[in-house]
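Heads up: the structure comes next, in structure tokens.
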Amino acid sequence: CWDFEYAVRDKYGRLRYPLRQPKVGELTRPSDKKRYREHGAKIVTEMRRVWEEYCNEELRKCGINRLFDHRSYKAMKIMQEPGRHLGTK
């Protein structure tokens, strides 16, 4: 299980996640202490770009022709509504 999937009920019946790890604030906080939203968006975009590179490298090694693209439909100039997220279940 991932740390956030392991839940335990306490004596009051509330869900607790004893193995939950703290967030790394340095990833989402800019050095100038301003523009949190823009800085966080840049970090997430960069993480997606790096993940795309790793995934595509592995797909090429396996001989699979389909590749990931981390950009949004809008950034790729595709006039299509994004699909609805189906969730984890």
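Values computed for the structure shown
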item	result
C-alpha long axis of helix 36-61 to longest principal axis of the chain, angle in °	60 degrees
Cβ-based net charge around Arg71, under 10 Å, with every Lys or Arg adding one and every Asp or Glu removing one	+2
Candidates Arg20, Arg48, Arg60: whichever shows maximal mean-square fluctuation once the chain is modelled as a Gaussian network with Cα springs under 10 Å	Arg20
Residue among Leu15, Leu67, Leu59 with the largest mean-square fluctuation in a Gaussian network model of the chain, springs linking Cα atoms under 10 Å	Leu15
Arg16 paired with Leu59, simple spin-label distance in nm, labels 7 Å along Cα-to-beta-carbon	4.3 nm
Gain upon complete extension [Lys77, Lys42; 0.36 nm per residue less C-alpha separation]	10.6 nm
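Coordinate-derived values only; no laboratory data. Note that this is a predicted model, so its numbers are computed, not measured. With ideal geometry, Cβ positions are generated from the backbone for all residues, glycine too; neighbour counts draw on all protein chains shown.
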